[in-house]
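The values are calculated or read from the model by the stated rules, or taken from the named source; none is laboratory data. Since this is a predicted model, take the numbers as computed values, not measurements. Cβ coordinates were reconstructed from backbone atoms using ideal geometry, including for glycine residues, and neighbour counts include every protein chain displayed.
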Amino acid sequence: MTLPVTLDDIRAAEARIRGHVRRTPMLADPRLSGLVLKMEHRQETGAFKLRGATNAVLSLPPERLARGVVTASTGNHGRALAHAARAAGVRAVVCLSRLVPPNKVAAVRELGAEVRITGDSQDEAMAEVARAVAAEGLTEVPPFDDPAVVAGQGTLGLEILGDLPAPRQVLVPLSGGGLASGVAAAVKALSPQTRMVGVSMERGAAMAASLAAGHPVTVAELPTLADSLGGGVGLENRITFAMCRALLDEVILVSEDEIAAAMRHIHAVTGDAVEGAAAVGVAAVLAGRAPAAGTVALLSGGNIAPEAFARILDGGRA
Ligand SMILES: *Cc1c(COP(=O)(O)O)cnc(C)c1O
């Protein structure tokens, strides 16, 4: 089967984004023998999403690039797209609903994006994105379900294998599946015997439920420490559902307590604060659901409010 994103696409993405994103380090976990941490939470903007957003922006033909890009995301994708657009010297518009808290609005503005506030729901913010695309010729850069975005995230797979050519398995946080699709496409092409495992939280794992059902389904969104893993896969999913179905060997779900314990563990061994979404792979190892030996756990992001992280370190969950 030919997948919508190939090793060649990922290699092209790597060449395109080189110099625009950091190559992040790998660290052998001193307490879990054989486990290696890919420290992508140290990426510029605090998460891997800069890779996909930068590749998407730099892949646009000049006349479309000149008009700018648009998204409705306030999270790591919104930050990444704002940063990538500013670096390319073009406009980024972020459409938000009136419900988005002022600190998040300010954070998007600080990254140089133009904020447009409309309506009372994420759906209305999405409708404004569609309007901006139709009326102003802006290009929407989606958070995961897009070939250029997936290819950009896949550059992480090349980096991991560059440092460790044939790991036994790679544990990747899983939400919409852009990260898992890209990393798995690279890893399976170069090291077919490496197991690719997606890890999500028990509370609201949309891709896990979709893979089990055999088609994209919606699940209730619940509060979770892994807030960057919330949200659906899209009932009209174009590429990431099929790629995850073809490339993932397993999906593991972890509890809130397991995520909190993993955040404390990662802090103890690296000194870094990571967000809940980034800790799910280590959570699976600590909980005994994945072996440590020969395993790479991808730490996907570090964007967590200091007060929230301090509460986790104190032993709380949220
Ligand atoms: C977006 C995100 C994920 C999940 O990525 P998908 O491509 O949606 O599966 C994981 N961790 C962090 C920190 C993220 O921002």
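Please verify whether segment 229-246 includes one or more residues that are away from the ligand (no atom under 13 Å from the Cβ), of a type in the set (Gly, Ala, Ser) and either closer than 20 Å to Gly182 by Cα or surrounded by 15 or more Cβ atoms within 10 Å (Cβ to Cβ) (or both). Yes, some residue in segment 229-246 is away from the ligand (no atom under 13 Å from the Cβ), of a type in the set (Gly, Ala, Ser) and either closer than 20 Å to Gly182 by Cα or surrounded by 15 or more Cβ atoms within 10 Å (Cβ to Cβ) (or both). Only one of the numbered conditions (1) more than 30 Å from Val170 (Cα to Cα); (2) within 16 Å of the ligand (Cβ to nearest atom) is violated by Arg86, and that is (2). Pairs meeting the criteria (first residue in segment 175-198 and closer than 15 Å to Phe48 by Cβ, second residue near the ligand (Cβ under 8 Å from one of its atoms) and basic (Lys, Arg), beta carbons under 9 Å, at least 6 apart or on different chains) are Gly178/Lys49; Leu179/Lys49. Of everything in segment 207-224 that is among the hydrophobic types (A, V, I, L, M, F, W, C) and modelled with pLDDT under 95, the residue that is surrounded by the fewest Cβ atoms within 10 Å (Cβ to Cβ) is Ala220.
Working only within segment 106-132, note down all residues that are in a helix (DSSP H, G or I) and crowded, with 16+ Cβ neighbours inside 10 Å.
Passing the criteria: Ala107, Val108, Gln122, Glu124, Ala125, Met126, Glu128, Val129, Ala132.
Just give me the residues in segment 50-76 being modelled with pLDDT under 95 and either more than 28 Å from Pro101 (Cα to Cα) or assigned to a helix (DSSP H, G or I) (or both), in sequence order.
Answer for segment 50-76, where residues must be modelled with pLDDT under 95 and either more than 28 Å from Pro101 (Cα to Cα) or assigned to a helix (DSSP H, G or I) (or both): just Asn76.
Of the residues making up segment 150-168, those that are small (Gly, Ala, Ser) and either outside any loop (DSSP other than H, G, I, E, B) or in contact with a Gly (Cβ under 6 Å, 6 or more places away or on another chain) (or both) are Ala151, Gly152, Gly154, Gly157, Gly162. Scanning segment 301-313 turns up one or more residues that are surrounded by 18 or more Cβ atoms within 10 Å (Cβ to Cβ), at pLDDT 95 or above, within 19 Å of the chain's Cα centre (by Cα) and assigned by TED's automatic domain parsing to the domain that holds Gly178.
Contact map, segment 301-318: first residue within 21 Å of Asn103 (Cβ to Cβ), second residue among the basic types (Lys, Arg) and modelled with pLDDT under 95, Cβ cut-off under 8 Å, separation 6 or more or different chains; pairs are Asn303/Arg79. Taking the criterion of being buried (at least 24 other Cβ atoms within 10 Å of the Cβ), touching a residue at least 40 places away in the same chain (Cβ under 8 Å) and under 22 Å from Val274 (Cα atoms), the residues of segment 67-83 that qualify are Ser73, Asn76, His77, Arg79, Leu81. Scanning segment 281-318 for residues that are of a type in the set (S, T, N, Q) and closer than 21 Å to His77 by Cα gives Ser300, Asn303. With respect to Arg64, is the statement that it is surrounded by fewer than 18 Cβ atoms within 10 Å (Cβ to Cβ), outside the structural domain of Leu247 (by TED's automatic domain parsing) and either touching a residue at least 40 places away in the same chain (Cβ under 8 Å) or more than 28 Å from Arg91 (Cβ to Cβ) (or both) true? Criteria met by Arg64.
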